[in-house]
Amino acid sequence: MTGVLELQGLCVYHGAAQVVALDLAVAPGEVLTIMGPSGSGKSTALAAVMGTLSPAFRTEGRVILMGRDITTLPAHQRRVGLLFQDDVLFPHLSVGENLAFALPPSVKGRQARRAAIDAALDAADLSGFAARDPATLSGGQRARVALMRTLLAQPCALLLDEPFSRLDASLRAQIRSFVLSRVRNEGLPAVLVTHDAEDAVAAGGPVVSPLGQPVAL
Amino acid sequence: MSTGGLLRWAPRLTLALLVVPVAAGLLGTVIPAFSQDAKGLRALLDWPGLPRAAILSLTTGVAATALSLAVTLLLVASLWGTRAFALIQHMLAPLLSVPHAAAALGLAFLIAPSGWIVRLVSPWATGWALPPDLLILNDPYGLSLTLGLVTKEVPFLFLMALAALPQTDVTRRINVAQSLGAGRVAAFVISVFPSLYRQLRLPVYAVLAYSMTAVEMAMILGPTRPYTLSVQVVIWMADPMLTGRATASAGAILQLALVGLALGLWVGSERLARRLLVYLAEAGLRAHGLDPVARWVAVVAGALTSGALILGLAGLAVWSVAGLWQFPDVLPESLTLRTWLRAAPDLVSTGGVTLGIAALATALSLALVLACLEAEHRFALLPGSGALWVLYLPLLVPQVAFLPGLQIAALRSGAEGHWVAVSAAHMVFVLPYVFLSLAPAYRAWDSRIAVAGMALGATPSRVFWRLRLPMVLRPVLTAAAVGGAVSVGQYLPTLLIGGGRIETLTTEAVALSSGGNRRLIGAYALLQMILPAVGFALALLVPALLFRNRRGMSVAS
């Protein structure tokens, strides 16, 4: 189940200053890149789509996902997945429990849930990791668990908040292609926020600033 | 969002729970003092002990506060960053959890004419074969009372200083000031102290208000002819003739005024101290010679206050298992469990009541505090400085000033003498401590976890129960242990709201203190101390056990 993510005149103001102005659509399997220096409003744009903006900001415009207006929905009802700069795995849960947390209640029965988690671990080359403490995993393994956790929640769109910037150079390309290929396979519209031109090139989609201007790479 | 609606009300409900009892209690105290031609007030003024009792309240309270603050600051200034400092940090929680009554009883055992200190030096040094006839305990100047207060307030202020220090950038400021030529103590006083004290002010005011009006400590250690004003008020309260009640109310109002006066004087001296500091800084204070002296004084004062507390408690423990123990033997001739066995049925039932009251007050306080903090997080509320003052209100207004009024309310409503009513009264004091203990850790929680959870489709309440609560389990349990310790240690609310019919370990220990059965006092006081200690131990053990396979949940991270 995929569809288009539309930002219709989405503007965010902090006081009088406009920090985000986006009017565009992201097709299924397409990765839109928002690029800019730190503090330019990239993460604010994601928070507006996610529904987690602090009250200090004022928002205009609409966010439409698969034809559904999600502008005023609380974050947990938007079905928008999010990957952070860090993996943000829940430290008190095992790898398997982290994945199970994301699995929708519609997947019923202990065996079915267990099977879904094992399948996700297999897909990330992490077979047999369910009982592990996330703190004992390598950076690359943690990043993969974080992505699989996000996908298990069956989102209709994906937001990537500089998810590769903390990884070291050797790991970076590998995790990036893993994430991007999963996005394309699942046919999800995705928005990537980054300050790294290499990420934008790999994403392959349009590249804009938080204020909507096209960015030349 | 029905839960959201309820949750939104939690902060206001909590503030009301703190303000209403204090305000209503004060009102209930003022009215009897001035009713019937101010009969109570006139009886109070006719009491010959009044000037001395009032002065004692001021002198012991101000001296205890100034000394506690000085010792705390000296310890922080000269030991910050050393190994000794880390050691003190570890000793703090257990020392803090000792109820005031147990600390006072232990100290009494230590310094009494027949206590450990005299025994240690007798008869070889003193020639005493019998306990000397000296008024060490209950001395007329309130010196033992002041010492007792200091042993309990230093750990409290030290903990508050520890919480404030990370926000004051201590290490860098001291380094900079020292590189400019100042000695260590001078560097601390000029570069760290002003911002540290700004955050210590409310706790210091609370210490001042408490020290001036302490009841159970003053009953055990304080002067007796006359008693301190607060103790006398409690005695009047217990007067079977109802005339005492009006006098007690008038005394309580005077006590409140005295605390107000002392706070005013304290704030005035803060101003003077600020000018002095600016003058010293401009004069280029170096004071290198002060450093070794200060360090020495700090170590001695710290060792003295904690040592007195620890030795006193050890004395309680030994007495509770002592067989024959004659003066001047340092240790009993034999050890026996007879006291414990004989008192066991009473200890169990009294301990059960104590635990039940503490459990209810702590559970309700914890639920309210969690609701407040969660509401603050979900609705992005910013608590103002007014909220902090309200939180401190029950600690700043003397218990003896508003509990008498509250007792009248309890009497009228028929709630007096029921353990649930006692528990509710405890909540007024438990709640602030639970909040102060839990809030920093709760607010420091990584809020990206909440965003991650919601992005996975989890409702805010699922995020709370499955992610946030387990992740802050350690501070939650510590706050619960703090709350439990506060409840176990409450004397006056238990006595007044319980109408003398609810017996807890604390009221029993204080009641026994006037009698001579040291073995039984030892047993009660020890149990009174063990309950909170068990709470703190559980707060450490349970998370360690639950998360033993989760490296990301270890203390360091």
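Here the peptides B:91-101, A:102-112, A:122-132 are ranked by packing, the mean other Cβ count within 10 Å, and the order with the highest first is B:91-101, A:122-132, A:102-112.
Rounded to whole Å, give me the distance from the Cα center of the range B:255-319 to that of the range A:87-162. Centre-to-centre distance over Cα atoms comes out at 55 Å.
For the range A:58-217, what does the alpha-carbon gyration tensor say about shape, rounded, prolate or oblate, given a ≥ b ≥ c as the root eigenvalues, a/c under 1.5 as rounded, and a/b over b/c as prolate? Oblate.
Expressed as a fraction of 2.2 N^0.38 Å, the value expected for a compact globular protein of N residues, the C-alpha radius of gyration of the range A:1-75 is 1.08.
Distance between the pseudo-spin-label points of A:T136 and B:D46 (7 Å out from Cα toward the beta carbon): 8.0 nm. In a reduced charge model with +1 at each Lys and Arg Cβ and -1 at each Asp and Glu Cβ, chain A shows a dipole moment near 600 debye about its Cα centre. For a modelled paramagnetic label at B:D346, 7 Å from Cα along Cα-to-Cβ, the residues of the range B:491-522 in reach, with backbone nitrogen under 16 Å, are B:501-522. From its DSSP helices (H runs of at least four residues, each -39,500 (n - 2.57)), chain B gives a residue-normalised ellipticity at 222 nm of -25500 deg cm²/dmol.
Within straight-line reach of B:K39, meaning a Cα separation under 25 Å, there are no lysines at least 8 residues removed in sequence or on another chain. Within 10 Å of the Cβ of each residue in B:457-465, the mean number of Cβ atoms contributed by other protein chains is 4. Find which of A:M66, A:M35, A:A116 sits farthest along the positive direction of the dipole of chain A, computed with +1 on the beta-carbon of Lys and Arg, -1 on that of Asp and Glu, about the Cα centre. Positive-end residue among those listed: A:A116.
A DSSP coil position with no more than 10 other Cβ atoms inside 10 Å describes the following trypsin sites (Lys or Arg not before Pro) in the range B:469-527: B:R501. Annotation: amide H of A:T71 within the under-5 Å range of A:V63, sequence separation 5 or more or interchain, hydrogens built in the peptide plane. Rounded, prolate or oblate for chain B? Axes are the square roots of the Cα gyration tensor eigenvalues, ordered a ≥ b ≥ c, and the cut-off for rounded is a/c under 1.5. Cα axes put chain B in the rounded bin.
When only the Cβ of Lys, Arg, Asp and Glu is charged (+1, +1, -1, -1), the dipole of chain B relative to its Cα centre reaches about 1500 debye.
The phi torsions of the range B:502-518, fed into the Karplus equation with coefficients 6.51, -1.76 and 1.60 and a -60° offset, translate into couplings of 9, 9, 10, 4, 5, 5, 5, 4, 5, 5, 5, 4, 7, x, x, 7, 5 Hz, rounded to whole numbers, with Gly and Pro shown as x.
Our coupling estimate for the range B:383-388, obtained by passing each phi through the Karplus curve with A = 6.51, B = -1.76, C = 1.60 and θ = phi - 60°, is x, x, 6, x, 4, 5 Hz, Gly and Pro reported as x.
The charge dipole of the protein assembly as shown, taken about its Cα centre with unit charges on the Cβ atoms of Lys, Arg (+1), Asp and Glu (-1) only, comes to about 320 debye. The range B:2-44 has equivalent-ellipsoid semi-axes of 39, 7, 4 Å, by the square roots of 5 times the alpha carbon gyration tensor eigenvalues, sorted largest first. Across the range A:90-154, the mean sequence separation of Cα contacts (distance under 8 Å, 6 or more residues apart), normalised by length, yields a relative contact order of 49 percent. Applied to the range B:485-498, the Karplus parametrisation 6.51 cos²θ - 1.76 cosθ + 1.60 on θ = phi - 60° returns per-residue 3J(HN,Hα) values of 5, 4, 5, 4, x, 5, 9, 4, x, 5, 5, 7, 6, x Hz, with x for Gly and Pro. The Cβ shell under 14 Å around B:W325 holds other residues with a net charge of +2, Lys and Arg each +1, Asp and Glu each -1. Compare the Cα positions of B:T82, B:G49, B:V62 along the charge dipole of the range B:8-83 (+1 at Cβ of Lys, Arg; -1 at Cβ of Asp, Glu; about the Cα centre) and return the one farthest towards the positive end. Sorting the options by dipole projection puts first B:T82. Result for chain A in a Gaussian network model with C-alpha springs under 10 Å: among A:T33, A:T44, A:T136, the largest mean-square fluctuation is at A:T136. Peptide B:445-454 is shielded by partner chain Cβ atoms: per residue, an average of 6 of them sit within 10 Å of its Cβ.
With a 10 Å cut-off around each Cβ of A:85-91, the average count of Cβ atoms from other chains is 5.
Please compute the net charge surrounding B:A102, taking Lys and Arg as +1 and Asp and Glu as -1 over other residues with Cβ under 13 Å from its Cβ.
Counting the neighbours of B:A102, the net charge comes to -1.
Readers should treat all values here as calculations from the given coordinates under stated rules, not as data from a laboratory. Note that this is a predicted model, so its numbers are computed, not measured. Positions of Cβ are backbone-derived with ideal geometry, glycine not excepted, and every protein chain shown enters the neighbour counts.
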